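Below is one structure, written out as structure tokens, with a few remarks after it.
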């Protein structure tokens, strides 16, 4: 077993880059939509053989066991090469939770199936009445003999129509004094009569989001992870690393690169107003990267990130949106045209970028929620 | 990533600079000096010199501390926090920047490091329309003719370091403030300081250096000063934000602190993010400038820093007034001093729009060269 953490950062980066550049299928680079598993299965097989499916998991569970510094490099290289995240909900979300809070039996059963993608997971958190106010969730799970019986509805469940299992937050004690209490974390199979999936078509015409309806769906009680009614705290414990990842500069950097080649081809740089707005956007990206490195350095020193890391997400997602808006502007009369626009030898799908940037300020805790967090936890502003 | 040793050195430097300025009276001292109509405090200059503040970026073999621009940035941030009127950045960036590059043996260098001399640098010129113009100020037969503008520290200086044109190209000369044929006009600035407009008519001056080296040294020194001015604005913005944050936590309306209202909270967060991005960017720029020898890359980095710092300072100081409400518009609250200082520092050596243009053009040139 290779000890990746013992390598120098530069060596490790070279190793990852070399593998991705040699092995990652060209047709999957910078994929504009979320793929179904079948579309990326050949890539997943390679990753699985290499043992690189779960970079953050400890080696004993089949992961790479990377520390924060190496993990950051791994993700940076993936993003740099336009590597698709794949169907990584299992690896990113449910796996770490089982590793941290699950029983030995749960680990033995579920973890290998996540790595092999025998099970493909989706995340059942949001509900129609529980978005930013997630703790308001109402989907019930009641104990009936050896099973939980689940009733309710989840929404914004990414790729639920291509998942075999769902991990979900459910209400197991509706009488708990605070709504954050009485929530549990359970795993459930999708393929059963009581589960119905309906896809939601987004503004960009994609169908990656779903609604999932539960009508007396069942899951064995042994699929409860952690203690009953402790699901909220567990789910929150997982978010720490996610928060720097979601604020990484790569999406904005890639968009800026696209904007530049597109605008150059279109002659937009002849306009001094456009030049200044481009310079603003480019500097916004560069200066964000400086702040990002400050947080990354903190992680590399082994420190835990504070709530202030939320500022990365606010800045970079809003910047990403401005960049894609500039693309639309540079497209002029083609600004509403669907599909790739050809300029010289590059083709840029201006609308796809624009749409891709919209939900970034909404998901992962909307930017308004991030501002609430910063104002309370960092600035200490009163209620 | 900085080495931990260097990081520790900078942290100590920051602490001692902060203590020094706080002990001297913080921003209250700046208000007093402004009200007294003075430019800056010569005793404070001496004290800063004794503490080694001016020599931080001067190499050790030339009598400085050899800690680089990153250390200069630490000092500049602290100057900005208390809006100290002493020309610290102008001295570190321009005065010492020119002397150490062109004539390190000159006794003025040591005096300037020690805070025993004052030396204002005159390099820009005003064209017929009032905007900046190419240099026309002449130096011949040991005498200066023409004019210079936007000279920081002109009010309290003993000598001027002047960049002028001679037959053999640009020269760097030293002229006494009391020399014959030199008329200094002070243009009052928003923060109570002044910028000097100099007019020479056969003013005697001593040549210190000449030729292409002068132009090179000037460009480098201006880049240094630009990046340090950015650091000064970062410290200023940070402090203006802290003052505002304290204010919205304590000011009550509708029986609650106004900082409990979400619209105020979100505005405060945006200012905070602005400050943090500016601080991270400017500190990164200074570190990179220390490790960079290519003059055009250094200049581009400096432009990036000033563009960011001006954008942040403008947003922070103006929103700070709004968040203070009516009292923010009075001279009784310190927050206005920060706004005024930000106006002056933003205009000096180019604002954000100017530096974005420079930055973009330099980026295009580099792109074309590749």
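Things worth noting here:
- Only one of A:271, A:284, A:297 that is surrounded by fewer than 18 Cβ atoms within 10 Å (Cβ to Cβ), modelled with pLDDT of 95 or more and in the same structural domain as residue A:368 (by TED's automatic domain parsing): A:271
- Residue, nearest to the chain's Cα centre (by Cα), within segment A:32-45, restricted to residues that are free of Cβ contacts under 8 Å to residues at least 60 places away in the same chain and surrounded by 16 or more Cβ atoms within 10 Å (Cβ to Cβ): A:35
Let's see how each residue does on (1) farther than 24 Å from residue A:280 by Cα; (2) out of contact with any strand residue (DSSP E or B) (no Cβ under 7 Å at 6 or more places or on another chain); (3) within 14 Å of another protein chain (Cβ to nearest Cβ):
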| residue | (1), (2), (3) |
| --- | --- |
| A:310 | no, yes, yes |
| A:321 | no, yes, no |
| A:325 | no, yes, no |
| A:337 | yes, yes, no |
| A:357 | no, yes, no |
| A:363 | yes, yes, no |
| A:368 | no, yes, yes |
| A:376 | yes, yes, yes |
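- When segment B:353-363 is filtered for residues that are more than 8 Å from chain A (Cβ to nearest Cβ) and crowded, with 23+ Cβ neighbours inside 10 Å, only B:355 remains.
- Candidates B:115, B:55, B:80 - the one that is over 28 Å from residue B:216 (Cβ atoms) and under 18 Å from the mean Cα position of the chain (by Cα): B:80
- Taking the criterion of being over 17 Å from the mean Cα position of the chain (by Cα) and free of Cβ contacts under 8 Å to residues at least 12 places away in the same chain, the residues of segment A:341-375 that qualify are A:342, A:345, A:347, A:372, A:375.
- Inside segment B:124-148, residues that are buried (at least 22 other Cβ atoms within 10 Å of the Cβ) and within 24 Å of residue B:193 (Cα to Cα) make up a count of 1.
- Scanning segment A:272-308 for residues that are more than 9 Å from chain B (Cβ to nearest Cβ) and outside any helix (DSSP H, G or I) gives A:302, A:303, A:304, A:305, A:306.
- Within segment B:156-168, the only residue that satisfies the criterion of being outside any strand (DSSP E or B) and touching a helix residue (DSSP H, G or I) at 6+ places or on another chain (Cβ under 7 Å) is B:156.
- Here residue B:298 passes the criteria (1) more than 26 Å from residue B:29 (Cβ to Cβ); (2) buried (at least 20 other Cβ atoms within 10 Å of the Cβ); (3) within 14 Å of another protein chain (Cβ to nearest Cβ) except the one numbered (3).
- Of all residues in segment B:39-74, those satisfying the criterion of being touching a residue at least 60 places away in the same chain (Cβ under 8 Å) and under 30 Å from residue B:332 (Cβ atoms) are B:39, B:40, B:42, B:45, B:47, B:48.
- Qualifying positions in segment B:107-135 - under 21 Å from residue B:169 (Cα atoms) and in contact with a helix residue (DSSP H, G or I) (Cβ under 7 Å, 6 or more places away or on another chain): B:121, B:123
- Entry remark, segment A:307-336: residues being in contact with a helix residue (DSSP H, G or I) (Cβ under 8 Å, 6 or more places away or on another chain) and loosely packed, with under 13 Cβ neighbours inside 10 Å number 2 in total.
- Restricted to segment A:168-230, the set of strands (runs of 3 or more DSSP E) holding at least 3 residues that are at negative phi and over 23 Å from the mean Cα position of the chain (by Cα) comprises A:209-220.
The values are calculated or read from the model by the stated rules, or taken from the named source; none is laboratory data. Remember, predicted model here, so these are calculated numbers, not experimental data. Glycine also receives a Cβ, built like all others from the backbone with ideal geometry; neighbour counts cover every protein chain displayed.
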